[in-house]
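What follows is a set of notes on a single structure, which appears directly below.
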Amino acid sequence: MKNFKLTEGKKDIIAGYIYIYILPALIFMLVLIGYPIIYNFIISFQDLNAMNISNGIRKFIGFGNYKKVLSDEVMTIAFKNTLIYTFASLAFQFTIGFALAIFFSNKFRLAKPIRGFMVISYMMPITVTALMFKFMLSPSNGIINDIMMGIGIINKPIPWLLQESTALWGVIMANSWIGIPFNMLLLTTGLSNIPEEIYESAAVDGANGFRKFINITLPLLKPAILSVLMLGFVYTFKVFDLVFVMTSGGPVNSTEVLSTFSYRLSFKYYYFGQGAAVANILFLCLFAVALVYLKLIGKEDV
């Protein structure tokens, strides 16, 4: 077969076509993602509220909005709630998802149908899940209270979403139910990529199930675990719709998180600059986590 070699001129033409193909995606990202982020940063340094937005006078106040929101006690509560919500949800989702992934990696007859059935909770719209859990956690006819009373865990119904001590845990319960299938699917994929021959060799050397898990499964599954935890952290830390539909941040700020606090400042009190400042703090937290993840992945590749 005759070998074709591209001349430098043809290589430049092909490179030009590549830039044309990626141009729509680049425009999309700049207009719909880049512009809102930049605009949000700009107004976070301006005194922008319902009183001056109509006359177009936007006074530059430097870090004034950031100082106001950081000195607000609700901001402290929202940040603490966001961390508790994120780490508690990740703990439940990852632990149960990992256990289910190991269970369904065993080859039995109904493994695939049951695994497919469990994904329904992840595919369901967040607002539907939020409304469903509002009914399930209801103190009057909620099924969760009925089950707990039926097996003797509690003596009377708990108003999960109506009291400060349990409202956040009610939302964490709903979010864990959504995230468990996501963790299970990604970890199952990671488990399926581990060669069976490694386990067989370890068995020949006398390794039991626990040694195989510690010395084979966990090390080889580390990239998948990092990806699951990273994606889970980002997805959970920026939660808005689930909390807003279930509790709207109440009662008495007990479920207030950064995203709902930003929304409330911007669209309830019309302090757009302060709302943008809270949103940017949320963005910077996630950006820092992404940098840590990239550094960890970089170490894995070396």
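The values are calculated or read from the model by the stated rules, or taken from the named source; none is laboratory data. None of the values given here were measured: they were computed from a predicted structure. Ideal geometry is used to build each Cβ from the backbone, glycine not excepted, and the neighbour counts take in all protein chains shown. Heads up: the accessible areas ignore ligands, DNA and RNA and are worked out on the full protein's heavy atoms, side chains in. Shrake-Rupley method; radii C 1.70, N 1.55, O 1.52, S 1.80 Å.
Summarising the amide proton neighbourhood of GLN46: residues at separation of 5 or more, or on other chains, whose placed amide H is nearer than 5 Å comprise ILE61. Here the chain is scanned for chymotrypsin sites (Phe, Trp or Tyr not before Pro) in DSSP loops (not H, G, I, E, B) that have at most 15 other Cβ atoms within 10 Å, and the longest stretch holding none of them is 109-239.
Listed values for region 17-25 are Karplus-derived 3J(HN,Hα) couplings in whole Hz (6.51 cos²θ - 1.76 cosθ + 1.60, θ = phi - 60°), namely 5, 4, 5, 5, 5, 8, 4, x, 5, and x replaces Gly and Pro. Distance between the pseudo-spin-label points of MET148 and PHE41 (7 Å out from Cα toward the beta carbon): 4.5 nm.
Name the trypsin sites (Lys or Arg not before Pro) in region 89-163 that are in a loop by DSSP and that have at most 10 other C-beta atoms within 10 Å, would you? The partial results should precede the final answer.
Working: sites: LYS107, ARG109, ARG115, LYS134; in loops: LYS107, ARG109.
Answer by residue number: LYS107, ARG109.
Considering only protein heavy atoms and a 1.4 Å probe, what is the carbon-and-sulfur percentage of the accessible area of the chain? Write out the running numbers ahead of the final one.
Working: 12930 of 18620 Å².
Answer for the chain is 69 percent, counting heavy atoms of protein chains only.
With θ taken as phi - 60° and the Karplus curve 6.51 cos²θ - 1.76 cosθ + 1.60 applied, the whole-hertz 3J(HN,Hα) list for region 144-159 is 5, 5, 4, 5, 5, 6, x, 9, x, 6, 10, 9, 9, x, 9, x Hz, x standing for glycine and proline.
Between PHE240 and LYS268, the FRET efficiency from the beta-carbon distance, with R0 = 22 Å, is close to 0.95.
Go ahead and run the numbers for FRET between ILE57 and LEU231, Cβ-Cβ distance against an R0 of 51 Å, rounding to 0.05. Let's see the in-between values first.
On the way: r = 42 Å, r/R0 = 0.83.
That gives a FRET efficiency of 0.75.
The distance between label points at SER248 and LYS222 comes to 4.8 nm (points 7 Å beyond Cα on the Cα→Cβ vector). Quick check: Cα centre of region 84-137 to Cα centre of region 154-232, how many Å? Rounded to whole Å, the Cα centres lie 10 Å apart. Assuming a strict under-20 Å limit between Cα atoms, what lysine pair count do you get for region 201-302 once near-sequence pairs (fewer than 8 apart, same chain) are dropped? Lysine pairs, 8 or more places apart or on different chains, close enough: 4. Remark: spin-label model distance LEU291-ASP72 equals 2.6 nm, labels positioned 7 Å along the Cα→Cβ axis.
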